[in-house]
Structures are given as structure tokens and as C-alpha cells.
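The block underneath contains the structure these notes are about, expressed in C-alpha cells.
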Amino acid sequence: MIKAFDKWETNGIKVSDPGLVNYINIEPKIVPKTGARYAGNRFHKSKIFIVERLINRIQVSGHKAKKHKASSGHNTGKTQNAYFLVESALELIEKKTKENPVAVLVKAIENAAPREEIITIEYGGARYPKAVEVAPQRRIDIVLKMMVQSVYQKSFNTKKSAVDALADEIINAYNLSQNSGAIQKKLELERQADSSR
């Protein structure tokens, strides 16, 4: 039987959010690396193991508010770096929570995925915000981006390592804690969408 990283089973893991069931793939891989085999194929990233999507996002976290800041040395194209970072973080999560870390990651993603966001509509020269529902594929993209950016913020120029920051971020999102950057951003997005209805 194949296990994730040859350590953790994913058989009993259930995605409880019905909107995300088809978009979070928990089919395990010993080495989660497809090497961008399906890049550009529509919806194909939903068929990639969710841990691999996290690894890919760690390599390219994207810029925060148009500021291209220096990273903490992990934000590189080196898959090996990102791979070991995620594996170490999952081991740390297992040690802290005494639960299957892949299940904790899946629940954290469900908890922190925003349901609504705002778009700007231009009408007659005036711009105003409009609340829209977020597509399930985009919900996962957004939550992974917010998690990783929060990790880089917390580990850049501080004594905290990226492994600790990632483990804490996932555990906080799993516990619906306000200390999670992704949960904070989700609440802020939904609050803005609520007020612009």
C-alpha cells in the first residue's frame, strides 16, 4: 500500500466540504513530484496530490501587495528544498497534534478557504466593489497562496524557521485560530464581500 512520503496513510481521510471534494486530491504519492507534466491543462491541477500543490506553491509564493520582497531562502525553484521543508513540517505537525498530518493539512485547507471575495466593477466611469462567490478550484489556490505568504512573512528576518512557521500555520488553520494568516485573510475577504453587497 502506498503512503504519502512512505510514512502516512491517506485512506481514512475525508473531505467534509462538499464544494471541495473533487478539488482536493488525497491519493498518496511516495515522492509527490509530477514535474509540471500537466501544466496548462485545464483543471488538471485538481488531480495532483494536495501535498504536491503545497510544495509547488512554496517554490513560487507570489508577491504580497505588489511588493517583491526578498524571501527567506526557501522561495526558489529547488523542489528538493520545498520537498524537505514540507516533509519536516508534516513530521512536526504529527509530533504536536498526534494526528495524521495529511488529514490536518486537508482540514486546515477546508477551514481557511474563502467562500466569497470582491471584484471591482466599472460602471459609467465609477468603480465599485461587488461580492462574488469563489470557484472551488480558486478557493484552494487562494488558501495555499495565503498560507505560504504568511509562512514567509513569519520566517523572513526572524529566528523562526520556515519549517516551524509552516507547521504552526497549518495547525492554527486546522484549529480555526486567528493566529493563522490564512484564516485572518479569509475573514477579512468575507467581511469586505459582506459590506459590498
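Taken together, the values in this text are just the output of simple stated rules run on the coordinates, not laboratory data. From a predicted model like this one, the values you see are computed outputs, not experimental measurements. Virtual Cβ from ideal backbone geometry, glycine too; neighbours counted across all protein chains shown.
Counted residue by residue at 0.36 nm each, then reduced by the alpha carbon distance between them, the extension gain from residue 179 to residue 42 reaches 45.9 nm.
For segment 44-195, the extents of the C-alpha atoms along the principal axes are 55, 32, 32 Å, listed from largest to smallest. Protection proxy ranking of 183-195, 34-46, 135-147, by the mean of other Cβ atoms within 10 Å over each peptide's residues and highest first, is 135-147, 183-195, 34-46. Modelled spin labels at residue 6 and residue 96, positioned 7 Å past Cα toward Cβ, are 2.7 nm from each other. Computed from the C-beta positions of residue 188 and residue 126, the FRET efficiency with R₀ = 30 Å rounds to 0.80.
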